Amino acid sequence: SSFAITKGFRDEIGLANYDDFIQCCIKTFRVMREEKNLALIMSLAPTMFVAIHPRAKVKSFMSKALMLDKDIESACRRLTQKIKNAPESYKTYFKNALQSLRAASGSRKVLL
């Protein structure tokens, strides 16, 4: 999964604070991957989104987002890299540009 963290966000908080932001994200990710929390997340998320997505799809998404196929250290390294690279992502820039065009045209439809 990709991260929609813009250059504007990174620039606004500053590089030093962005590094702190990354560390907070990794700390939170580690807590989410703890056995008791992971069990709770994996049981609650499908229930929360059952009205819009099949349970299996939600579980699959959560497994991928939490990188359950990787050990915690590998997952944290991957997540750190993804967050560091996010502000330079062309995909994020393009998606935000399309969102801005939609907003300017008065459309309420959100791009995912």
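The values are calculated or read from the model by the stated rules, or taken from the named source; none is laboratory data. It should be emphasised that the depicted structure is a prediction, and the values quoted were computed from it without experimental measurement. Cβ sites come from the backbone with ideal geometry, for glycine too, and all protein chains shown count toward neighbours. In case anyone asks, the SASA skips ligands and DNA or RNA and just uses the protein heavy atoms, side chains included. Shrake-Rupley method; radii C 1.70, N 1.55, O 1.52, S 1.80 Å.
In this simple spin-label approximation, ALA104 and THR80 carry label points 7 Å from Cα along the Cα→Cβ vector, and these lie 3.9 nm apart.
222 nm [θ] for the chain, helices only, -39500 (n - 2.57) per DSSP H run of 4+, per residue, to 500?
-23500 deg cm²/dmol
Here the chain exposes an accessible surface that is 60 percent carbon and sulfur, computed with a 1.4 Å probe and the other protein chains kept in place. Just add up the charged neighbours of ASN37: K/R +1, D/E -1, any other residue whose Cβ is under 15 Å from the Cβ of ASN37. Here the count lands on +2. Mind running the shape call on the chain? Use the C-alpha gyration tensor, a ≥ b ≥ c as the square roots of the eigenvalues: rounded below 1.5 for a/c, prolate if a/b tops b/c, oblate otherwise. Oblate, because a/c is 1.5 or more while a/b does not exceed b/c.
When the Cα gyration tensor is reduced to axis lengths a ≥ b ≥ c, the ratio a/c is 1.5 or higher for segment 1-55, and with a/b not above b/c it is classed as oblate.
Note on HIS53 and CYS24: with the Förster distance fixed at 30 Å, the Cβ-Cβ geometry gives a FRET efficiency of about 0.60. When the Cα positions of SER105, MET48, MET67 are compared along the charge dipole of the chain, SER105 comes out farthest toward the positive end, with charges on each C-beta of Lys, Arg, Asp and Glu.
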